[in-house]
Amino acid sequence: MKYFSILVTLLFFSCGKKEDVLLPKSNITIVKDVQDLSPIYIFFKTEGKDTIAEVNRKSSIISTNWIFNIDKRLPLKLVIPEVMKLQEKKRADSAHKNENAENYYSYADSVGKNLAFVPFTKVYYKLDRPDKGNFVVYFAKGKKQVFMGNKEIKISEILKYFYSIKFEKVPNLVFVFDKNMSYEEYIQYKILLQKEVTYNLDRLPVEFIL
């Protein structure tokens, strides 16, 4: 248990100062091992009554796999804008670009007692509302299930429900996440989506944060 507690809390040492990143946990492993990696840290900070997402990417190399170690206590509305900036920087650097380099979120595997990873390289985040022609899957804060139209369903049934509808023209499937949910809750959703849904799709849906 002592070993696992070290994994749940990543320690980052900078200029002699110790900083903690409390990672989300799950009993499901998506990716177990990543080689040739660069760590990126997003810390939970407070200034008075304000919560701040503080980024440290000093060790990141464009041509490597990027591991995003993000504190589970941060709200999604603070995390995703920082992730978007880093994604854009990596995608725009054509001089050092490696087509095989991926981006991963890290979390603590409560079964294997080690770090595990969720890939999100192909995800494009947006902070505005999806067009009306899209079919929305809504992930609400504090819910175990998701909303499709006016129906609440299990994550494992998203594709089954979507393909059961007789559309005149099949719309794009998009995911909308509540911006006020914690990063920990978001990662729990991402793990289940990777296991149950998105591995079946040729193109990952765009994710909207509202």
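The values are calculated or read from the model by the stated rules, or taken from the named source; none is laboratory data. What you see is a predicted model; the values in this text were computed from it and never measured. Methodologically, a virtual Cβ is constructed for each residue, glycine included, from the backbone with ideal geometry; neighbour enumeration extends over all protein chains shown.
Just a yes or no: is a residue in the stretch 150-163 in contact with a strand residue (DSSP E or B) (Cβ under 9 Å, 6 or more places away or on another chain) and polar (S, T, N, Q)? Within the stretch 150-163 (the criterion being in contact with a strand residue (DSSP E or B) (Cβ under 9 Å, 6 or more places away or on another chain) and polar (S, T, N, Q)), the answer is no, since none of the residues qualifies. Taking residue 115, is it buried (at least 17 other Cβ atoms within 10 Å of the Cβ), of a type outside the set (Val, Ile, Thr), in the same structural domain as residue 70 (by TED's automatic domain parsing) and within 27 Å of residue 25 (Cα to Cα)? Here the answer is yes, as residue 115 does meet what is asked. Taken over the stretch 35-48, residues that are assigned to a loop (DSSP other than H, G, I, E, B) and farther than 25 Å from residue 91 by Cβ amount to 1. Do you know which residues across the stretch 1-42 are at pLDDT 85 or above, over 16 Å from residue 105 (Cβ atoms) and of a type in the set (Asp, Glu)? Matches in the stretch 1-42: 20, 36.
Listed conditions (1) in a helix (DSSP H, G or I); (2) polar (S, T, N, Q); (3) more than 15 Å from the chain's Cα centre (by Cα) are all met by residue 51, apart from (1).
The residues of the stretch 101-118 that are touching a strand residue (DSSP E or B) at 6+ places or on another chain (Cβ under 8 Å) and β-branched (Val, Ile, Thr) amount to a single one, 118. Those strands (runs of 3 or more DSSP E) of the stretch 125-210 in which 2 or more residues are among the polar types (S, T, N, Q) and either surrounded by fewer than 15 Cβ atoms within 10 Å (Cβ to Cβ) or touching a Pro at 6+ places or on another chain (Cβ under 8 Å) (or both) are absent.
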